[in-house]
Amino acid sequence: LMKESLYGELSVIGMKGCEQFAAQVDAYLREWRNHGRSDDASFLVDVNCPRSGSGEAKGVITKSLRGHDVYIICDPFNYGVTYKMYGQTVPMSPDDHFCDIKRILGAIAGKARRVSLIMPMLYEGRQHKRSGRESLDCATALQDLEAMGVTNILTFDAHDPRVQNSIRIGFESV
């Protein structure tokens, strides 16, 4: 009998605004894998979230990620990323970045072995407890990610790490 591997093929996705950092991660991984030998096989996966003139978008992945261990890198507070909406140049808000993550997760469609999300600043992390009748957006966002197949979240700025109590997946706040 053939023993099934505990790990899938490694794939790295750099969302808009994180492409340069993802390329650095890819270069490091390629060097580590090859111990100094040259190999052109990249770990990067091309993804795109093209937008229509109204600002609506869709997630597109260029290859199958079935059985892969996928790492998605996204900075939802990168206001330097823009898109066109009704002819105007508009900066991407944290909500726009988060929706793009969900679009790519939707395109992966649960086929990856594991999906880890690296988010330097946690989306909606500043709003971590209720004050009266208001939404608890960070908890809801984390639950959405869990429901869409994310198995681990790595962040560097969880305002209150107790927000991890809203989910049952891996959560690391460095």
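The values are calculated or read from the model by the stated rules, or taken from the named source; none is laboratory data. Here the structure is a predicted model, which is why all the values come from computation and not from measurement. Please note: Cβ atoms are built from the backbone with ideal geometry, for glycine as well, and neighbour counts cover all protein chains shown. Protein only, heavy atoms only, side chains kept; ligands, DNA and RNA dropped before computing areas. Shrake-Rupley method; radii C 1.70, N 1.55, O 1.52, S 1.80 Å.
One line per residue, one yes/no per condition, for (1) out of contact with any Cys (no Cβ under 6 Å at 6 or more places or on another chain); (2) of a type outside the set (A, V, I, L, M, F, W, C); (3) over 29 Å from Arg66 (Cβ atoms):
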| site | (1), (2), (3) |
| --- | --- |
| Pro91 | yes, yes, yes |
| Ile101 | no, no, no |
| Lys111 | yes, yes, no |
| Gln143 | yes, yes, no |
| Glu146 | yes, yes, no |
| Phe156 | yes, no, yes |
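Can you tell me which residues in the stretch 63-92 are free of Cβ contacts under 8 Å to residues at least 24 places away in the same chain and under 14 Å from Gly8 (Cβ atoms)?
The one that is free of Cβ contacts under 8 Å to residues at least 24 places away in the same chain and under 14 Å from Gly8 (Cβ atoms): Lys63.
Among the residues that make up the stretch 115-125, is at least one of them exposed (fewer than 14 other Cβ atoms within 10 Å of the Cβ) and over 30 Å from Leu6 (Cβ atoms)? It would help to see each step written out before you state the result.
Start the filter on the stretch 115-125 by keeping residues that are exposed (fewer than 14 other Cβ atoms within 10 Å of the Cβ), which leaves none.
No, the stretch 115-125 has no match at all.
Look at Tyr86 and say whether it is open to solvent by 60 Å² or more (accessible area, probe 1.4 Å) and closer than 15 Å to Cys18 by Cα.
Working: open to solvent by 60 Å² or more (accessible area, probe 1.4 Å): yes; closer than 15 Å to Cys18 by Cα: no.
Answer is no for this residue.
Just to verify a result, which residue in the stretch 135-150, among those that are assigned to a helix (DSSP H, G or I) and not small (Gly, Ala, Ser), is nearest to Glu172 (Cα to Cα)? Steps first, answer last, please.
Looking only at the stretch 135-150, we keep the residues that are assigned to a helix (DSSP H, G or I), and these are 137-147.
Of the ones still in play, those that are also not small (Gly, Ala, Ser) are 137-138, 140, 142-146.
On the way: Asp137: 19, Cys138: 15, Thr140: 17, Leu142: 13, Gln143: 15, Asp144: 17, Leu145: 15, Glu146: 14 Å.
Here the residue is Leu142.
Does Ser11 satisfy the condition of being surrounded by 12 or more Cβ atoms within 10 Å (Cβ to Cβ) and part of a strand (DSSP E or B)? Full working, then the answer.
Values: surrounded by 12 or more Cβ atoms within 10 Å (Cβ to Cβ): yes; part of a strand (DSSP E or B): yes.
It is true that Ser11 is surrounded by 12 or more Cβ atoms within 10 Å (Cβ to Cβ) and part of a strand (DSSP E or B).
Could we say that Ala41 is of a type in the set (A, V, I, L, M, F, W, C), under 15 Å from Asp96 (Cβ atoms) and touching a Lys or Arg at 6+ places or on another chain (Cβ under 8 Å) here? Give the steps one after another, and end with the answer.
Working: of a type in the set (A, V, I, L, M, F, W, C): yes; under 15 Å from Asp96 (Cβ atoms): no; touching a Lys or Arg at 6+ places or on another chain (Cβ under 8 Å): yes.
Taking the combined requirement at face value, the residue does not satisfy it.
Out of the residues in the stretch 52-79 that are of a type in the set (D, E, K, R) and surrounded by fewer than 17 Cβ atoms within 10 Å (Cβ to Cβ), which is farthest from the chain's Cα centre (by Cα)? Please lay out each step first, then the result.
Keep residues of the stretch 52-79 that are of a type in the set (D, E, K, R), which gives 56, 58, 63, 66, 69, 75.
Within this subset, residues satisfying the condition of being surrounded by fewer than 17 Cβ atoms within 10 Å (Cβ to Cβ) are 56, 58, 63, 66.
Details: Glu56: 19, Lys58: 15, Lys63: 17, Arg66: 17 Å.
Filtering first and then ranking leaves Glu56.
Output yes when any residue across the stretch 94-108 is open to solvent by 30 Å² or more (accessible area, probe 1.4 Å), of a type outside the set (Val, Ile, Thr) and assigned to a loop (DSSP other than H, G, I, E, B), and no when none is.
No, the stretch 94-108 has no match at all.
Which residues, taken from the stretch 145-174, are surrounded by fewer than 17 Cβ atoms within 10 Å (Cβ to Cβ), within 16 Å of Arg114 (Cα to Cα) and not hydrophobic (A, V, I, L, M, F, W, C)?
Once the filter is applied, which keeps residues that are surrounded by fewer than 17 Cβ atoms within 10 Å (Cβ to Cβ), within 16 Å of Arg114 (Cα to Cα) and not hydrophobic (A, V, I, L, M, F, W, C), the stretch 145-174 yields Glu146, Thr151, Asn152, Arg168, Gly170, Glu172.
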